[in-house]
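Beneath this line is the structure, given in structure tokens, with notes to follow.
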Amino acid sequence: MRIVVHGQQAFGKSVLDALIERGEDVIAVYCAPEKEGQRADPLREAAEAHNLPIYQPRSYRKQEVQDEFSALNADLCVMAYVTKFVPEEVLNAPTHGTIQYHPSLLPKHRGPSSINWPIIQGSAKTGLTIFWPDNGLDTGPVLLQKEVDITDTDTLGSIYFNHLFPLGVEAMLEAVDMVRAGTAPKIVQDE
């Protein structure tokens, strides 16, 4: 399966590294453009180390960006920590579409601060979702979810770095396997 990895920061890098380590056919990487004077994104550095084509569009709404993405003829796009809006014209371009990681049990905590709210609200559990993004904010159908316990001593950092980050990388690999096998569900989010 020809895979495009789209993301940023350490999580994006870890997903890319995990896919390559197990022999996936990663054909390109999309990541956020750096601001002037800013250090290169870890995902970009990893893509360079693996000699992969790197794309850093400022907007995905431009027709030339959509055409460039479609021309890659990808089978799947794996979105690992993406903060820019990506329209359905790009999301639906790969043969099997696009899957995305979100650090909460959707639909409860859509958007930013999704890790903070379960802790603030005193929830006993949180988790992550791999879903099929659409034009809404974290509204697409769910592929899989994983739960994580929240203890009295947990912080945003401990929940993310000790649980949601490593479990998220594993869940992305599991989701890729499900897409490849044709067993990846599209469960409408329960509002």
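The values are calculated or read from the model by the stated rules, or taken from the named source; none is laboratory data. Note that the structure is predicted; figures quoted are calculated from it, not measured. Counting neighbours? That spans all protein chains shown, and the Cβs are built from the backbone with ideal geometry, glycine included. These accessible areas exclude ligands, DNA and RNA; they are computed on the full protein's heavy atoms, side chains included. Shrake-Rupley method; radii C 1.70, N 1.55, O 1.52, S 1.80 Å.
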Pairs where the first residue, in region 7-20, is under 18 Å from Arg58 (Cβ atoms) and the second is part of a strand (DSSP E or B), C-beta under 6 Å, 6+ apart: Gly7/Ala80; Gln8/Cys31; Gly12/Ala80
Residue list for region 26-55, filter: within 17 Å of Ser70 (Cα to Cα), of a type outside the set (A, V, I, L, M) and open to solvent by 20 Å² or more (accessible area, probe 1.4 Å): Pro53, Tyr55
Residue selected from region 101-143 under the condition open to solvent by less than 30 Å² (accessible area, probe 1.4 Å), under 17 Å from Phe165 (Cβ atoms) and over 13 Å from the mean Cα position of the chain (by Cα), by the criterion modelled with the lowest pLDDT: His109
Asp149 being open to solvent by 60 Å² or more (accessible area, probe 1.4 Å) and in contact with a strand residue (DSSP E or B) (Cβ under 8 Å, 6 or more places away or on another chain): yes
Verdict on Asp75 being at pLDDT below 95, surrounded by 16 or more Cβ atoms within 10 Å (Cβ to Cβ) and under 27 Å from Leu128 (Cα atoms): no
Hits in region 7-25 (condition: open to solvent by 10 Å² or more (accessible area, probe 1.4 Å) and touching a Phe, Trp or Tyr at 6+ places or on another chain (Cβ under 9 Å)): Gln8, Gln9, Ala10, Ser14
Residue selected from region 66-81 under the condition in contact (Cβ under 8 Å) with a residue 60 or more places away in the chain and in contact with a helix residue (DSSP H, G or I) (Cβ under 8 Å, 6 or more places away or on another chain), by the criterion nearest to Ile115 (Cα to Cα): Tyr81
Residue match in region 78-96 (condition: open to solvent by less than 40 Å² (accessible area, probe 1.4 Å), among the acidic types (Asp, Glu), within 28 Å of Met1 (Cβ to Cβ) and outside any strand (DSSP E or B)): no
